[in-house]
1. LEU244 fails exactly one of the following numbered conditions: (1) crowded, with 20+ Cβ neighbours inside 10 Å; (2) at pLDDT below 90; (3) closer than 19 Å to ASP88 by Cβ. What is the number of that condition?
2. Within the range 338-364, can you find the residues that are among the polar types (S, T, N, Q) and surrounded by fewer than 21 Cβ atoms within 10 Å (Cβ to Cβ)?
3. So is VAL121 within 11 Å of the ligand (Cβ to nearest atom), closer than 22 Å to LEU244 by Cβ, modelled with pLDDT of 95 or more and of a type in the set (Val, Ile, Thr) or not?
4. So, in the range 124-136, of the ones that are within 13 Å of the ligand (Cβ to nearest atom) and hydroxyl-bearing (Ser, Thr, Tyr), which residue ends up modelled with the lowest pLDDT?
5. Pick from LEU97, LEU38: which is within 16 Å of the ligand (Cβ to nearest atom), at pLDDT 95 or above and open to solvent by less than 20 Å² (accessible area, probe 1.4 Å)?
6. Looking at (1) open to solvent by 40 Å² or more (accessible area, probe 1.4 Å); (2) within 16 Å of the ligand (Cβ to nearest atom); (3) out of contact with any strand residue (DSSP E or B) (no Cβ under 7 Å at 6 or more places or on another chain), which one does SER64 not meet, given that it meets all the others?
7. In the range 355-372, how many are of a type in the set (Phe, Trp, Tyr) and either within 30 Å of the chain's Cα centre (by Cα) or modelled with pLDDT of 95 or more (or both)?
8. Quick check on LEU308: is it in contact with a strand residue (DSSP E or B) (Cβ under 7 Å, 6 or more places away or on another chain), modelled with pLDDT of 85 or more and surrounded by 14 or more Cβ atoms within 10 Å (Cβ to Cβ)?
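The values are calculated or read from the model by the stated rules, or taken from the named source; none is laboratory data. Note that this is a predicted model, so its numbers are computed, not measured. Here Cβ is always computed from backbone atoms with ideal geometry, including for glycine, and neighbour counts include all displayed protein chains. Note: areas computed on protein heavy atoms with side chains; ligands, DNA, RNA excluded. Shrake-Rupley method; radii C 1.70, N 1.55, O 1.52, S 1.80 Å.
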Amino acid sequence: LKLTKNTLEPVDYSFYQRMRPDDVTEEFLWSARLEPMLDYISSEDIPLIRDALTLAYDAHAGQSRKSGEPFITHPVEVTRILAELKMDTESLVAGLLHDTVEDCGEQVGLEEIGFHFGQGVMKIVEGETKFSKLPTHHPERAQENASGEVTIPAGAGAAGASGASGAAGATIPLNGPGTRTTNDEKAQDLQFLFLAMTEEVRIIVVKLADRLHNMRTMASMPQAKQRRIALETLQVFSPLARLLGLYTIKEELEELSFQYAMPQQYAITEKAVNRLWEPQRAAVEAAARELEEKIENDVYLTGLLQGLKIEISRKAVYSIWKKLQDSGRSIRDVSEIAQLRVILNPANASDERQLCYHTMGLIHSFWAPVPGSMKDYIATPKPNNYQSLHTAIIPTGLVVNGNGNGNGSSASSSSNGAQSPTTSRSYNQTLFPIEVQIKTDDMERL
Ligand code: MN
C-alpha cells in the first residue's frame with residue numbers, strides 16, 4: 001500500500017543555467033536526460049533515438065535559447081515530455097528533430113530525415129515545420145520587430161515539399177505587440193490543426209510537448225510576448241490537449257498560461273487557494289490514512305486486491321478560477337479544493353468494476369457523501385474512454401474530534417446507504433468536502 005502526494009510542483013530546469021555550455025555535451029544529454037526515460041522502448045529502437053540526438057546535436061551546434069542555454073536542450077526536453085507520455089519511437093525521434101529542418105535551413109532536409117528515420121518521422125517533422133510557419137505559432141524563434149510585426153525567417157520553406165509554404169519570407173502584420181491575433185488568423189490556425197490531427201495525430205502531440213516546454217521556460221521573455229503566447233495557449237493548445245485526453249498537459253498549460261496571461265488574478269486566486277489548503281492539508285492526509293486503513297481491514301477488498309495507491313492533490317488554481325468565472329461566484333464560496341485519488345490494483349481484472357463500486361460504498365458508509373456529487377464514469381465512460389467513480393465526501397469524525405463518529409468502527413462495508421439528506425445541511429463550519437475518485441490502475445493508465 002502506497003500513499004503518494006501529487007501537488008502541482010513546477011518543473012525546474014535551472015540546472016541547465018548553472019552548467020557551463022560546454023558541459024551540455026551530447027553524452028550528458030543522452031545518459032542523464034534521455035536514456036533513463038526509455039525503459040519502455042524496445043532495445044532495438046534505442047540506437048535510432050541515439051542517432052536522432054546526434055543529428056539534432058550537430059544541427060543545433062552553436063545555437064542558444066533566449067534564456068542562454070544551448071538550443072539542443074529544448075528538443076531534448078521536449079522528447080522527455082513525450083517519453084513521459086510513453087509515446088512511440090517515431091514520435092521521440094521527431095521530438096528530437098522537430099526544429100532541425102526549420103532552424104538549420106539547408107543543412108538538414110526532410111528527405112534526409114525520411115531516408116534515415118522513415119516516412120513516419122518525416123511526416124511528423126514536416127508537420128512541426130509547417131506549423132511554425134503559421135503567423136502565430138513559434139514563440140521562441142520568430143523575430144518581433146519594432147512595428148509589432150513578426151518576420152518569418154526566409155529559407156525555412158526551402159526544404160518543404162508541401163504546399164503550405166506560401167508564408168516563407170513574408171512579413172505578417174499583427175495587431176500590435178501583446179494583443180491577440182485576429183479571428184481570421186486564429187480560424188486558419190485551427191483549421192490547420194484539425195487537418196493535421198486527422199492526418200497524423202502525433203503531429204499535435206509533439207506540438208503540445210513543444211509548447212509545454214516553451215511555456216515552462218518562458219520566464220526570460222519580454223512581458224508582452226509572454227502574455228500573447230499565454231493567451232494563445234489558453235485559446236488553442238490547452239483545449240486541444242483536453243480533446244486528446246492529455247489532462248496532465250492540459251492542466252499544466254493552463255496553470256502556466258494563467259500565470260503569464262493574468263498575473264494579478266493568478267496571484268489573488270493562488271493566495272486564496274493556499275489559505276484554504278494549508279489548514280485542510282493535515283485533515284486530508286489524515287483522511288487518506290484512515291481510508292487506507294479501512295480498505296486494509298475490509299475482508300472483501302483484501303481478498304481481491306493486489307495493491308492500493310492513494311494520491312492526495314489540490315485542485316489547480318486555474319480550474320478554480322475558471323469555475324468561479326463561469327458561475328459568477330467569489331473565492332469565498334470555494335471550499336472544495338482537495339482531491340483523493342484511490343487507485344485499486346485488482347488481483348483479477350474481471351473484478352475491477354465490483355471493486356470500485358464496493359470501495360465507494362465503503363467510503364459512503366463512514367463519511368457523508370455530498371448529495372448530487374456522485375458520478376459514475378465506469379458504467380458511462382466519458383467520450384475519450386475515461387473511467388472512474390467520482391464522489392465528494394465530508395470527512396466527519398476527523399475535524400469534529402471524537403464525538404459522533406460511532407460508525408467509524410464498522411469497517412466491513414455493506415452497512416452503507418443510511419446517509420440521510422439532512423447530514424449535508426448540518427455540517428459544521430469547520431468541515432469541508434473532499435472530492436474522491438475511485439478507479440483501477442488499468443482505468444488510470446487508459
Ligand atoms: Mn520547438
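1. Only one criterion in (1) crowded, with 20+ Cβ neighbours inside 10 Å; (2) at pLDDT below 90; (3) closer than 19 Å to ASP88 by Cβ is unmet by LEU244, namely (1).
2. GLN339, ASN345, ASN348, SER350, GLN354
3. So VAL121 fails the test.
4. Per the stated criteria, the residue is SER132.
5. Just one listed residue meets the conditions, LEU97.
6. Condition (3) is where SER64 drops out.
7. 1
8. yes
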